[in-house]
1. Give me the pairs: first residue in segment 36-62 and aromatic (Phe, Trp, Tyr), second residue open to solvent by 60 Å² or more (accessible area, probe 1.4 Å) and not in a loop (DSSP other than H, G, I, E, B), beta-carbon distance under 8 Å, and six or more apart or on different chains, which are they?
2. Any chance you could count how many residues in segment 148-192 are more than 15 Å from Gly92 (Cβ to Cβ), open to solvent by 40 Å² or more (accessible area, probe 1.4 Å) and not hydrophobic (A, V, I, L, M, F, W, C)?
3. How many residues are outside any loop (DSSP other than H, G, I, E, B), open to solvent by 30 Å² or more (accessible area, probe 1.4 Å) and over 23 Å from Phe150 (Cα atoms) when one looks only at segment 46-89?
4. Kindly check whether there is at least one residue in segment 167-182 that is in a loop (DSSP other than H, G, I, E, B), aliphatic (A, V, I, L, M) and touching a residue at least 60 places away in the same chain (Cβ under 8 Å).
5. Output yes when any residue across segment 127-143 is free of Cβ contacts under 8 Å to residues at least 24 places away in the same chain, of a type in the set (Val, Ile, Thr) and assigned to a strand (DSSP E or B), and no when none is.
6. Please determine whether any residue of segment 95-102 is among the hydroxyl-bearing types (Ser, Thr, Tyr) and at pLDDT below 85.
7. Within segment 98-117, does at least one residue satisfy the condition of being in a loop (DSSP other than H, G, I, E, B), hydrophobic (A, V, I, L, M, F, W, C) and open to solvent by 10 Å² or more (accessible area, probe 1.4 Å)?
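The values are calculated or read from the model by the stated rules, or taken from the named source; none is laboratory data. Computed from a prediction, not measured in an experiment: that's the story for all the values here. Here the Cβ positions follow ideal geometry from the backbone for every residue, glycine too, while neighbour counts run over all protein chains shown. Accessible surface areas use protein heavy atoms only, side chains included; no ligands, DNA or RNA. Shrake-Rupley method; radii C 1.70, N 1.55, O 1.52, S 1.80 Å.
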Amino acid sequence: NTVTLGVSLDEQTRTSLGGFVGDKCQVLWSAGDKIAVNGIASDAVAEQYVGTTTANFTVANVTAPYSIIYPAEAIDNNGQLNLPTFQAYASGSFASGTAVMAGYATDNNIAMKHLLSVIKLTIAQGSETTSAFNAISITALDGSTISGVFSVDYQGAKIAPVAGKDIVTITNVPIVDGKAVVYVAVPAGEYEELKVSAISTD
């Protein structure tokens with residue numbers, strides 16, 4: 001009962017932040033990527049699909065319709081999405097596993113859509129208040145939940161908060177050439193006001 005699904009990424013979707021080709025970033029599957037289909041994890045993407053926009057994933061014991069999410073480990077045993085309050089720093093990209101995508105199909109060809117957006121922050125070192133920091137946080141001052149547990153609408157490619165917090169913190173942030181550059185993944189949507197803080201966790 002093994003099924004092979006062809007999964008494509010639209011031009012706004014990526015599993016890692018790539019370089020620009022013209023005015024658009026590259027859209028690529030990355031080594032080790034897995035999806036979950038109806039709650040069952042697939043095999044890792046085959047080597048021949050790494051660096052491409054379309055890949056085949058093999059999943060055992062699933063039948064249509066298919067509810068798909070990436071990465072496979074994003075969903076817990078209750079079928080809910082867990083977005084961490086603490087995201088690890090990644091040089092030139094967002095934390096591994098935070099490019100969460102979802103898709104739904106009744107056949108074996110699925111197009112994935114992003115559930116999160118990415119905010120790029122650049123904070124200069126030098127003033128008294130930013131001379132020593134190793135973490136950067138974003139707080140939604142309108143009370144929006146940006147980390148925690150979320151339910152997933154696969155057909156609509158949307159998430160809704162179940163329980164969580166209004167803050168996300170990027171940890172172990174290095175200062176390079178007098179500034180820190182981080183990418184923070186938050187649920188896609190509109191926010192009235194976000195507060196950015198440079199903090200020391202020592």
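1. Pairs found: Tyr49/Asn56; Phe57/Thr4.
2. Final tally of qualifying residues: 13.
3. 7
4. yes
5. No.
6. yes
7. So far as segment 98-117 goes, no, none of its residues is in a loop (DSSP other than H, G, I, E, B), hydrophobic (A, V, I, L, M, F, W, C) and open to solvent by 10 Å² or more (accessible area, probe 1.4 Å).
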